[in-house]
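See structure below.
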């Protein structure tokens with residue numbers, strides 16, 4: 001397929017999914033000058049975008065019918081399948097030359113399937129999961145990991161630049177999703193370390209804020225420690241990324257690892273701990289709420305300490 005030039009004021013964008021991150025990402029594209037049509041299962045979550053001038057559509061297919069490029073960021077692989085490949089999915093409404101972009105963290109195999117199904121209709125498909133959480137989405141500082149045909153990915157550069165800071169092409173279809181599995185594996189065990197370290201500081205009677213001043217900028221520093229550590233200390237467990245979605249991601253990574261004959265015991269441990277956290281009623285809290293489950297193991301009521 002011939003890849004069209006993509007530019008504000010010329011290219012019509014569609015957006016599916018207006019959750020914690022999707023709303024901010026779509027807003028940046030509107031601010032960059034792109035026209036947009038949106039769909040979300042809950043229209044109220046799209047109101048801020050409609051107020052910025054976006055149009056509303058009643059289905060993913062309807063979004064694609066009036067768009068040159070359709071982005072989606074939803075929850076689970078079954079949601080991705082529905083919004084792209086379902087009876088009222090974006091592929092059904094796409095014309096030859098349309099570009100579909102999935103920014104959900106999903107299965108690499110599903111990314112390949114969408115790519116192949118789209119290609120049969122002369123439609124392009126790109127998998128482009130992101131990292132950076134709610135803060136990265138709000139501040140347009142996301143890391144975007146991209147798989148698909150290079151010429152399509154390069155044509156989308158004006159869109160990537162509106163949403164992210166680190167934009168890296170990883171290879172063919174599914175490569176973006178595989179890279180995101182690397183990202184999630186790194187985060188999973190790091191979050192255990194962040195939470196256990198703060199538990200240690202608390203039980204030792206240290207001032208956790210001054211401890212953070214000493215350790216966050218040294219060899220022990222990490223994005224999770226610097227950005228989520230203060231939220232843990234402040235008992236702010238609002239979601240930048242939902243626990244239940246992180247469990248989904250780790251499950252995908254473990255499945256992929258199994259298929260590659262990889263043993264990842266650290267990731268498996270993190271998956272079990274987060275599953276316990278969800279069972280305790282924290283599935284819709286942020287991933288840093290792991291602190292509550294780990295504190296409970298030591299008989300500490302973290303919120304009422």
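Nothing in this text is a laboratory measurement; each read-out follows from the coordinates by a stated rule. The structure displayed is predicted, hence computed values, not measured ones. So basically every Cβ, Gly included, is an ideal-geometry build from the backbone, and we count neighbours across all protein chains shown.
Among the DSSP beta bridges whose two residues both lie in the chain, what percent are antiparallel, rounded to the nearest 5?
15
Would you kindly state how much longer the chain becomes between residue 207 and residue 141 on full extension, computed as 0.36 nm times their sequence separation minus their alpha carbon distance, in nm to one decimal?
20.7 nm
If you line up the long axis of helix 175-203 against the longest principal axis of the chain, both from Cα atoms, how many degrees apart are they, to the nearest 10?
Computed tilt is about 20 degrees.
Based solely on C-alpha atoms, express the radius of gyration and the Dmax of the chain in angstrom.
Values for the chain (Cα only, Rg and Dmax): 20.1, 64 Å.
By per-residue mean of other Cβ atoms within 10 Å, what is the highest-first order of 197-204, 155-162?
155-162, 197-204
Compute the acute angle (0 to 90°) between the alpha-carbon long axis of helix 265-277 and the principal axis of greatest extent of the alpha-carbon atoms of the chain; round to the nearest 10°.
Long axis of 265-277 versus the principal axis of the chain: about 90 degrees.
Could you state the angle between the C-alpha long axis of helix 108-119 and the longest principal axis of the C-alpha atoms of the chain, as a value from 0 to 90 degrees rounded to the nearest 10?
10
What relative contact order, as a whole-number percentage, does the chain give when Cα pairs under 8 Å and 6 or more residues apart are counted?
Normalised by residue count, the contact order of the chain is 14 percent.
Given 0.36 nm per residue, what is the gain on full extension from residue 43 to residue 12 after removing their alpha carbon distance, in nm?
Extra length from residue 43 to residue 12 when fully extended: 9.1 nm.
So for 81, 12, fewest C-beta neighbours within 10 Å to most, what's the order?
12, 81
For region 189-287, what's the relative contact order in percent, using C-alpha pairs closer than 8 Å and at least 6 residues apart?
Value for region 189-287: 33 percent.
Just want the ordering: 125, 35, from fewest to most Cβ atoms lying within 10 Å of their own Cβ.
Sorted ascending by nearby Cβ count, the order is 35, 125.
Could you please rank 250, 212, 103, placing first whichever residue has the fewest other Cβ atoms within 10 Å of its Cβ?
Ascending number of Cβ neighbours within 10 Å: 212, 250, 103.
Given Cα pairs under 8 Å that are at least 6 residues apart, what percent is the relative contact order of region 254-305?
Reported as a whole number, the value is 22 percent.
Quote the FRET efficiency, to the nearest 0.05, computed for residue 117 versus residue 297 with a Förster distance R0 of 45 Å and r equal to the Cβ-Cβ distance.
With R0 = 45 Å, the Cβ-Cβ based efficiency is 0.50.
By DSSP, what percent of the beta bridges with both residues in region 100-237 are antiparallel, rounded to the nearest 5?
Roughly 25 percent of the DSSP beta bridges within region 100-237 come out antiparallel.
In bins 5 Å wide, starting from 0, what share of all Cα pairs of region 12-173 does each bin hold, as a percent?
2, 10, 21, 25, 24, 14, 4, 0
Using all C-alpha to C-alpha distances in region 165-305, build P(r) with 10 Å bins and read off the rounded percent in each one.
11, 39, 34, 13, 3, 0
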